[in-house]
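Below is one structure; the comments refer to it alone.
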Amino acid sequence: MSKRRADANPSSAPPKKKSFVQLPSFGAENEYDNQTPSNSPSTALSIRESSSGVVPSLVSISLRAFAKALLSLYENEESRERTHRQLKRLPELVVTRLLGVLRKEIPTYLTHGLLVAHFIRGTEITLTGELTGVNNHTLHAIPDNCPYLVHLELRDLKKPSDDLLSSVISKLPALETLILRGCTQAGSKTVATAARCSELRVLNLNYTTPSASSIGALLIDCPKLEVLKLAGIPKLNPSAISSWAKDISSAELSDEAPLQRLTSLKLRDTGLNDSALVNLLGLTPNLERLDVSCTQVRSIGSLSSLTKLRKLSLTACPLNTSLAELDKIPDLPHLEILHLGAIGINGSPTLTDSALYALTDVLEPLTRLENVSLMRNSKLGLTSRKGEGALADFISRMLNLGGVPNLSSQDLRGLLADQEATSDVTPTPTPRLESLTLSNTSVDNEAATYIAACRNLEALVLGDTRFTNEGVFTIIDACEHLTRLDLTSCRGILVTDRRRFFEVWEEARANQDGQPNAGDVQGQGRNRRSTRR
């Protein structure tokens, strides 16, 4: 391990303090919650093109090229007028895709006039808070230009009032998808107006402010709903949520009962508890995706009616993890994704090694399960010998183990367990892992051999671990499908190399091939820099 150069005058230097990894407070939301490395917002994410041979379509390539060239096309009047004419000729479907590309490339350049003239048309509109040119006049233009709109997404627009949003939606009776996530002034008037859209199938009201009664009325009036997202709405308490079931049962219904088509429900960060959840789930027999993270749900046994469930998120819930309670976990034969991060009561983690052993026994028969998150359960590993405890026993599928400080490299030996016990005659297939998160753990280069056994790995998060270049090189050598690598705060790797680590690997291997006698490429910055001279 390389050492820092001593100060020229050590006697005058202030005493050094030991530095420790600062983990987020228990149960607090952070950037790794419910995320895979494929969408991590990391500041040190290294990306390379996939070797799968997939070539972007000509339309995709053309849209990216146009987005990068748009500013230069507006530099003189002749090219600007020609660009305007060409934009007007574009089919509606292409216009929608082009706006998505421009929103990522040059969001602040898209003025109100440019948006209304060329992009507010067709049957699908998406406007977000990144587009600084969006104002009240832009929203008023939507029903005027698109009277038959079926998809409206207004995301993170803080300024539009409840009255304005209600007015716009009132003129769009054909809406099937309405996304108002983060429109903080969207309230009861907006929801009451949306209830008149009888064809509504997708409704996202995350982090808005309607009343519970207005949402209940909408559920009755829109029986075709398939996706309902209500995260972070402050007025959703247990009694209010339970009242929806009572209102639906007492209402004069049409031919189709409400919520029978619902397949996805999100109630994250609300006042939901077990009794309210049971009342609501009795109305949703076809539910496939459920997110009740950061609520007061305590019993997994309350989910016994959800036999079609494919994704379940219980992050930061005060779940009862006693062995008797874990035995009540229902059989969920279709479950594919399970999030059990930061499980605890009143800020104290409760998922222990003994509970994990029992949980593993319960989950083992679920043959479709392929993504499990145990991130920030800080008691895991405390009572186990490294490489022989509950964590090592559990590691055999896609995992998010970020923020489990007692996870060691030896615990990952489970990735090789089957192969070590198998003869050469009947070799075991490589682990199916495609995504692995190990941020804020104690793993180091010793784990490289175990991770390298996962030949199908596509995304890997090693933020705030003890890896150096040497260990990561070993993983990249073996995992040809790896395209996303997060090395945020990985102190064994130079800061300047973390975002471009795939290039660093290519340079090091090219140097090694050209000079086979020059010695091994080491993980320290001193040796890595010599490969670029």
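The values are calculated or read from the model by the stated rules, or taken from the named source; none is laboratory data. Predicted model, so just to flag it, every value in this text is computed and none were measured. Cβ coordinates were reconstructed from backbone atoms using ideal geometry, including for glycine residues, and neighbour counts include every protein chain displayed. Remember, those area values only see protein heavy atoms, side chains included, never the ligands or the DNA or RNA. Shrake-Rupley method; radii C 1.70, N 1.55, O 1.52, S 1.80 Å.
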Between V134, V59, V55, which is exposed (fewer than 15 other Cβ atoms within 10 Å of the Cβ) and in a loop (DSSP other than H, G, I, E, B)? V55
So for segment 253-266 (the condition being under 27 Å from the mean Cα position of the chain (by Cα), under 24 Å from T367 (Cβ atoms) and among the charged types (D, E, K, R)), does at least one residue qualify? no
If we keep just the residues of segment 293-311 that are closer than 13 Å to H334 by Cβ and not aliphatic (A, V, I, L, M), which is least open to solvent (accessible area, probe 1.4 Å)? K311
Residue ranges of strands (runs of 3 or more DSSP E) in segment 167-262 with at least 2 members more than 19 Å from L127 (Cα to Cα) and at pLDDT 95 or above: 227-229
Just one listed residue, out of L139, L152, is under 18 Å from V95 (Cα atoms), open to solvent by less than 50 Å² (accessible area, probe 1.4 Å), not hydroxyl-bearing (S, T, Y) and not in a helix (DSSP H, G or I), and it is L152
When you scan segment 117-124, do you find a residue that is among the basic types (K, R) and either over 30 Å from T209 (Cβ atoms) or surrounded by 17 or more Cβ atoms within 10 Å (Cβ to Cβ) (or both), even just one? yes
Tell me the residue from A212, A217 that is without any contact (Cβ under 8 Å) to a residue 40 or more places away in the chain, over 21 Å from N136 (Cα atoms), hydrophobic (A, V, I, L, M, F, W, C) and surrounded by fewer than 19 Cβ atoms within 10 Å (Cβ to Cβ), please. A217
